[in-house]
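Novice: My questions all concern the structure below.
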Amino acid sequence: MDQLPHPSKEISIVETEALDLNLGFSLKLRELGLWKTEHLFSSLETSGILEPILVAYEQDSSGPALLIDGFKRLMWARDRGISHLSAMDTSLSPRELLLFLLQKHGNELTSCALIALFLDFVAERGFDSHLILNEIMPALGLQGHAKLLEKYRRVATLPVKVLTLCHKKDFSLKRCINLTHQPRQLLERLIELEGKLSLSASLFQELCDAISDILKREGLSVEEFFQRKEIIEILEAGQDRATTTRLFRSYIRKLRNPLLTSYQRELQKIHKTYFSSAPFHVKWDETLENRRIEISSTVTDIEELRNLSKAISSEKTKKGVKELLSRF
């Protein structure tokens, strides 16, 4: 990464209430409970604010100053009714400003959820997408592809409490993306149960998938589902988390099984229609958690290979695979 220029030596006094906090990614971290202030605030109580905050101005210097560093100091000052602070003008270009934000927060981006929040944050603030793709993403160990950026920005739309869980459990990008397909209210309702259930990454995903399927099948809202007598009894029995988790998971699996059985019958019917005479084997994940078809075969000579290649590329096979995937 390029070395950033030193801030200019010009120090001025700015009105704290007039500062533009649009570049406050720190405030996003605070929403996730990841903004630690105790030690700094204790120090400020003893010595006050010794270092000026860092600000940036638009090129024509009109409008309020953009605060880029010193958010905790500003919050402390506001809490104590301090109306003006010393500020140092950084005079950074948009590119330098973006790299400054990365340098400031890079070490904090330790999970897919936080990376998603940061990429969405800088994209929302209007930074050049070329810079994000070609400088920021590679610096974060990612390939600078527009579709990958879209995926991360999609993850950033998850509810704050869900993002917090994704960060705490270090969910992968794939697992986070899967959650974006779930009803938002369901995600939030399950998060509320974290004190009663031992929600590992895999269990959270399993419950989301299963309950979502049940809601579709029975035409229920999330609230209606959680008002079931059996669910209330399990959750309100006052048992330890391990027992509650086991009973709740078992009950959800029993509710979902009829749906899985119905789907499997449909899948078998499709298999018989399109693949019963095919020179290859077709398998799928019977839990329906992975939208993936596995096609395999064994060949002993060139002629079998030709027949296999012809069968796999046929319109009948393509239609059969499409039909199978449509049931996932």
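Novice: When a footprinting reagent is the concern and you count Cβ atoms within 10 Å, what order do 230, 135 take, fewest first? Present the calculation step by step, with values, prior to reporting the outcome.
Specialist: On the way: 230 12, 135 18.
In order of increasing Cβ crowding within 10 Å: 230, 135.
Novice: Continuing with this model, one more query. Starting from the amide H of residue 69, placed 1.01 Å from N in the peptide plane, find each other amide H under 5 Å away whose residue is 5 or more places distant or on another chain.
Specialist: 54
Novice: Among 192, 96, rank each residue by its count of other Cβ atoms within 10 Å, from fewest to most, as a rough exposure measure.
Specialist: Values: 192 12, 96 15.
Going from sparsest to densest Cβ surroundings: 192, 96.
Novice: As I understand it, the value is the acute angle between the Cα axis of helix 146-155 and the longest principal axis of the Cα atoms of the chain; what does it come to in degrees, rounded to 10?
Specialist: The angle comes out at about 80 degrees.
Novice: Considering amide H positions built from the backbone, and no H for Pro or chain starts, which residues 5 or more places from residue 84, or on another chain, come under 5 Å of its amide H?
Specialist: The answer is 16.
Novice: I would also like to ask the following. Taking neighbour counts of Cβ atoms within 10 Å as a proxy for exposure, in what order, fewest first, do 100, 226 appear?
Specialist: Values: 100 20, 226 17.
The fewest-first ordering by Cβ neighbours comes to 226, 100.
Novice: Still on this structure, I have one more. For the chain, set up a Gaussian network in which alpha carbons nearer than 10 Å are linked by springs, and say which option among 207, 308, 235 fluctuates the most.
Specialist: 308
Novice: Here is a further query. If the reach is capped at under 19 angstrom between alpha carbons, list the lysines near residue 36, excluding any in the same chain fewer than eight residues apart.
Specialist: Hits, sequence-local ones excluded: 28, 72, 104, 161, 168.
Novice: Separate question: Taking only Cα atoms, what is the 0 to 90° angle, nearest 10, from helix 38-47's long axis to the longest principal axis of the chain?
Specialist: Once rounded, the angle reads 0 degrees.
Novice: Normalised by the number of residues in the chain, what is the relative contact order in percent for Cα pairs under 8 Å and 6+ residues apart? Intermediate values should be presented prior to the final figure.
Specialist: Working: 333 pairs, mean separation 39.2, N = 328.
Relative CO of the chain lands at 12 percent.
Here, each number is a calculation from the coordinates, and none is a lab measurement. Predicted model, so just to flag it, every value in this text is computed and none were measured. Every residue, glycine among them, receives a Cβ derived from its backbone with ideal geometry; neighbour counts consider all protein chains shown.
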